[in-house]
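In what follows, a single structure is set out as structure tokens and then discussed.
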Amino acid sequence: MLRAPGPGYVWGYVMRGMRSATLGACLLVLSGSASAAAYLRVLSWNTLHAGYSGSTDWNNYAAQAWNDFGTTAAAANGVDVVFAQEVMYDTAAASLASALTAISGVTWDYRVTAAIGRSSYKERYAVLFRTDRVTMLSSTVWTDTGDKFEREPQIVKLRHIQTGADYTFINWHTVFGETAERQAEIAQIASVYSSIQSGSSSDQDVILLGDHNREATSPWWANLTAVSPVVSYRVNDLTSINTSCAFASAYDHFWFQASYVSEYSSSGRDYIANMCTARDLSDHAPIFLNLYSASDTD
Ligand SMILES: [Ca+2]
Ligand SMILES: [Ca+2]
């Protein structure tokens, strides 16, 4: 009954001494088991000016995140942690957490950064999480010595309650600006990744995610992919959505060291039921990452 990692299967579970029990009964007694293994379902989403006038449809934001996690309409509902970019107010993060609580029936909490940016235009990062699945260890903002980044990333350390697995996330919205500015920021992010990685002796699972305004196959990523152990990407689907409700550019990714993040199970671009309805929420589709663990191994 130990299921291999795969999309749509939320709980892996070793059943002992329960030969006559049905799968449903086994799942009912899952809580409290010392041998539970589980998925942590992670979303990254540029929510396009969430909180601005016309960008406050919290119920539909929550419905996209909760109901359409995964690549198909048939994928099981649910998500455990959401990393958002382009959150404009702290009240927007609070409203999104409330909507996630309402649609899921379980409690969500959040951490939101201060407004970040060089000009009067600033954005916030937010992490939203189920309190029955995630313990928030810390949420900070990268100290951007030398002002290398328009929006220095949010650094989030969390623990998956069901398994004890720790993860460190770098939530980043790369500058768009001029081409040279974008290229320069992407060249600099490797030093952030390396610093975060070497900054902890207790957690090696460092995952960079967000809207990076560049395809993952670009040579601009050479500094990041040169980090040792090797950093590679997951998800390079077209994710931005143009005003004709069509996918346009491969801008949103996950980056990590596969040798450490052996918890990786699957990833992709979230299912979109209606492209124009989705475009009313954001000019990006969410991307998802399934992490499967039984304990904290590194
Ligand atoms: Ca870890
Ligand atoms: Ca690991």
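None of the figures in this text is laboratory data; all of them are computed from the coordinates on show. What you see is a predicted model, and the numbers here were worked out from it, not measured in a lab. Cβ sites come from the backbone with ideal geometry, for glycine too, and all protein chains shown count toward neighbours.
Backbone amide hydrogens, once placed in the peptide plane, bring S259 within less than 5 Å of nothing, excluding anything fewer than 5 places away on its chain. For region 38-178, the alpha-carbon radius of gyration amounts to 1.04 times the rule-of-thumb value 2.2 N^0.38 Å expected for a compact globular protein. Summing Lys and Arg as +1 and Asp and Glu as -1 over all other residues whose Cβ lies under 9 Å from the Cβ of N46 gives a net charge of -4.
Note on region 178-252: dipole from Cβ charges, positive end direction compared against T243, N223, Q197; the farthest Cα belongs to N223. Using a Gaussian network model of the chain in which every pair of alpha carbons under 10 angstrom is joined by a spring, one finds that among S228, S282, S266 the greatest mean-square fluctuation is at S228.
Placing one equal scatterer on every Cα of the chain and applying the Debye formula, the log10 ratio I(q)/I(0) at q = 0.08, 0.10, 0.11 Å⁻¹ is -0.33, -0.51, -0.62.
Could you let me know the centre-to-centre spacing of region 227-275 and region 137-176, using Cα atoms, in angstrom? Computed from Cα coordinates, the inter-centre distance equals 17 Å. Shown in residue order for region 66-73 are the 3J(HN,Hα) couplings computed by the Karplus curve 6.51 cos²θ - 1.76 cosθ + 1.60 at θ = phi - 60°: 7, 7, 10, 5, x, 7, 10, 5 Hz (x for Gly and Pro). Taking 37 °C and 0.692 mPa s as conditions, region 41-113 diffuses translationally at an estimated 267 µm²/s according to Stokes-Einstein applied to its Kirkwood radius (Cα pairs).
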